[in-house]
Amino acid sequence: MNPELTHWTGPLGLPRFDRIRDEDFAPAFDVCLKLAGDAVETIAANPEPPTFRNTVAALETAEDPLNRLCAVFFTLTGVDSSPARQALQRQIAPRLAAHGSKVSMDPRLFDRVEAIMQDRDGLPPEDRRLTELSLRGLRRAGAGLTGAARQRMAAIRERLAVLSTDFAQNVLTDERDFTLAVPDAGLAGLPDWLLRSMRAAARERGLPGQVVTLNRSLIVPFLQHAEDRALREVAWRAWTARGSGAGAGG
């Protein structure tokens, strides 16, 4: 596994993206999901009585490698997506959801955190607050459910992971592909700085004149300042339809 994915060596402790390749991610997710699962299992199966240190505090760091890997991967898919990264994102989303469900619905973890909560008066305020948040998170994730309700919650979480991934990728596609050509007659009300940005966007795409894209820095001020009602309507419909899967404005 590429160590840069989990042990960042760049300036200010940030990742060195120049040392990371797309093909590094799939094996890294295999390794980090295994590490996270093993770390959480160690906490859940601990034969010692539950304490803040061996349960709540341990859970806070149990998934550090996986969290760092996700931070790198989802940063890239959010700002510099590609077909390969999108394909991997669709593959990994249900796996991450399944892992999250397995952890948050583990009755052993729930029992341990609940036991610590029952004895919370002996904890420092910071530890008590973290224990409260941990128990609340487990409850909301379905840790107290059993049988069919438990299975239903896990299925919902996996389905939401797939749908949210699809939506995010649809948004990126719409923001990348949509352009609205604005004729000179439709420039009334637009400030000079916005006109310069619209013309720069047109040049980047090899188009004449000026265009509006679904980049927030263009579309929002265009909707605020443009006096042409018909153009504003087209832009607004595209803006509100992004991510629908029907194409911006579709």
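No lab work stands behind these numbers, since they all come straight from the coordinates. Predicted, not measured: the structure shown is a model, and the values here were computed from it. Glycine also receives a Cβ, built like all others from the backbone with ideal geometry; neighbour counts cover every protein chain displayed.
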Subject >> Leading residue at positive end of dipole, the chain (Cβ point charges), from LEU135, PRO83, PRO183 >> reply: PRO183
Original post:
Got the relative contact order for the stretch 72-150 handy, in percent, Cα pairs under 8 Å and 6 or more residues apart?
Top reply: 31
**OP:** Name the residue, out of VAL113, VAL211, VAL56, whose mean-square fluctuation peaks in a Gaussian network model built on the chain with Cα pairs under 10 Å.
**Re:** VAL211
**OP:** Compute the signed sum of charges (Lys and Arg +1, Asp and Glu -1) over the other residues within less than 13 Å, Cβ to Cβ, of PRO83.
**Re:** +1
Original post:
Going by a ≥ b ≥ c, the root eigenvalues of the Cα gyration tensor, does the stretch 121-229 fall in the rounded group (a/c under 1.5), the prolate group (a/b larger than b/c) or the oblate group?
Top reply: prolate
Original post:
GNM, the chain, Cα, under 10 Å: largest mean-square fluctuation among VAL79, VAL212, VAL103?
Top reply: VAL79
**OP:** Taking H placed 1.01 Å from N in the peptide plane, check which residues at least 5 places from PHE178 or on another chain put their amide H under 5 Å from its amide H.
**Re:** LEU214
**OP:** Would you mind computing, in nm to one decimal, how far apart the modelled labels at SER244 and LEU14 are, each placed 7 Å from Cα along Cα→Cβ?
**Re:** 3.7
**OP:** At 7 Å along the Cα-to-beta-carbon direction for both ARG159 and GLU233, put a label point, then send me their distance in nm to one decimal.
**Re:** 3.7
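222 nm [θ] for the chain, helices only, -39500 (n - 2.57) per DSSP H run of 4+, per residue, to 500?
Values: 10 runs with 158 residues, N = 250.
Result for the chain: -21000 deg cm²/dmol, rounded to the nearest 500.
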Original post:
In nanometres, what is the gap between the two model label sites at GLU204 and ARG129, each 7 Å from Cα along Cα-to-Cβ?
Top reply: 4.1
Original post:
Assuming a viscosity of 1.306 mPa s and a temperature of 10 °C, what translational diffusion coefficient in µm² per second does Stokes-Einstein assign to the stretch 11-96, Rh being the Kirkwood radius over Cα pairs?
Top reply: 109
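Would you kindly state how much longer the chain becomes between ASP111 and GLU48 on full extension, computed as 0.36 nm times their sequence separation minus their alpha carbon distance, in nm to one decimal? Intermediate values should be presented prior to the final figure.
Values: separation 63, 0.36 × 63 = 22.68 nm, distance 1.31 nm.
That works out to 21.4 nm of additional length.
With +1 assigned to the C-beta of every Lys and Arg and -1 to the C-beta of every Asp and Glu, and no other charges, what is the dipole magnitude of the chain about the Cα centre in debye, to the nearest 20? Kindly include the intermediate steps, with their values, before the conclusion.
Working: 32 positive and 32 negative charges, 109 e Å.
Here the size comes out at about 520 debye.
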Original post:
In the stretch 191-239, how does Rg compare with the Kirkwood Rh, expressed as the Rg/Rh ratio over alpha carbon atoms?
Top reply: 0.94
**OP:** Run the numbers on the chain and let me know its relative contact order in percent, using alpha-carbon pairs under 8 Å that are six or more apart.
**Re:** 15
Subject >> Of the chymotrypsin sites (Phe, Trp or Tyr not before Pro) in the stretch 1-87, those whose Cβ has at most 15 other Cβ within 10 Å and which sit in DSSP loop >> reply: none
**OP:** Can you check what the Kirkwood hydrodynamic radius comes to for the chain, Cα pairs only, in Å to one decimal?
**Re:** 21.6
